[in-house]
1. Mind checking which residues of region 89-102 are of a type in the set (A, V, I, L, M, F, W, C) and either touching a Gly at 6+ places or on another chain (Cβ under 7 Å) or surrounded by 13 or more Cβ atoms within 10 Å (Cβ to Cβ) (or both)?
2. Taking region 9-42, which residues are of a type in the set (Val, Ile, Thr) and in a loop (DSSP other than H, G, I, E, B)?
3. Considering region 123-139 alone, what residues qualify as being under 19 Å from Tyr84 (Cβ atoms) and exposed (fewer than 15 other Cβ atoms within 10 Å of the Cβ)?
4. Please give the number of the condition Met33 fails out of (1) under 29 Å from Gln114 (Cα atoms); (2) among the aliphatic types (A, V, I, L, M); (3) at pLDDT 90 or above.
5. When both residues are 6+ apart or on different chains and their Cβ atoms are under 6 Å apart, which pairs have a first residue that lies in region 79-102 and is in a helix (DSSP H, G or I), and a second that is modelled with pLDDT under 90 and buried (at least 19 other Cβ atoms within 10 Å of the Cβ)?
6. Hey, among the residues in region 103-121 that are within 13 Å of the chain's Cα centre (by Cα) and hydrophobic (A, V, I, L, M, F, W, C), which one's surrounded by the most Cβ atoms within 10 Å (Cβ to Cβ)?
Amino acid sequence: MSKQTVITEAMRLFAEKGYDGASLSMIAKAAGMKTPSLYAHVESKDDLFLTAFSEVMKKEEETMKRAMKDQRGKERLKAIFTFYTDPNGRELERAFYLRALFFPPEHLEKDIKQMVIHVETMMSHELVQTLRELELLVLEENWIHSFYALMDGLLLEQRLYEDEELQQRIVSAWATLEALLKEEK
C-alpha cells in the first residue's frame, strides 16, 4: 500500500473518530496492512495527523490558486469565495479539517493553527491585492473580516442545510459582499 492510501484512510478515520478515537491499528487495517508495516510510511500517530492536515492545507492553497488564476477584480473575489463555499467535492478533507480545527489534539493545536494561519495569510494577501483594483464602500480590513466571517459561517452551514437552502445562503452572502464593492477603478 502507498503512503497516500495511509494518509487518506487516516484522514477518514480522524474525521470520523477524532484523534483519540482513531488508533494506528485501525488506520493500518483500513489501509490494508498490519500495524508494524504502517511505520514504513509514518513515524508516529502525531506525524501522520500533521502530515494529513498539512496535505489538506496545501491542496486547498493549490486549488484556490488555480480557481482564481485568470480572474481579475470582482470575478477573482467571487472565484475565491465560490471555491471556499462550494459544498461539492473535498468532503473528506473538509470533515477532517473541521474536526481538527474544532477538536484538535491539545499537543498539536499550535501546529494546526500555524498551518491554518499560513494559508489564511496567503489568501489575505490575494484578497488585498484584488481589493486594491476596486473601490470599496467600507474599509479594506472590514471587507476582509466580513469575507472570512461569511465564508466560515457557510462552511459550518454545509453540515446543517440541504443543497437548495445552502445555495440560497451562498448567493445571499456573496451579494452582501459584492454590495460593498463599487465598480472597478
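1. Taking region 89-102 and keeping what is of a type in the set (A, V, I, L, M, F, W, C), we get 92, 95-96, 98, 100-102.
Passing the criteria: Leu92, Ala95, Phe96, Leu98, Ala100, Leu101.
2. Of region 9-42, the ones of a type in the set (Val, Ile, Thr) are 27, 35, 42.
Once the filter is applied, which keeps residues that are of a type in the set (Val, Ile, Thr) and in a loop (DSSP other than H, G, I, E, B), region 9-42 yields only Val42.
3. Scanning region 123-139 gives His125, Val128, Gln129.
4. (1)
5. Sorted first by the residue in region 79-102, then by its partner, the pairs are Ala79/Met68; Ile80/Met68.
6. Ile112
The values are calculated or read from the model by the stated rules, or taken from the named source; none is laboratory data. Bear in mind the structure is a predicted one, so any value in this text is a computation, not a measurement. Heads up, the Cβs are rebuilt from the backbone with ideal geometry, glycines too, and the neighbour counts pull from every protein chain shown.
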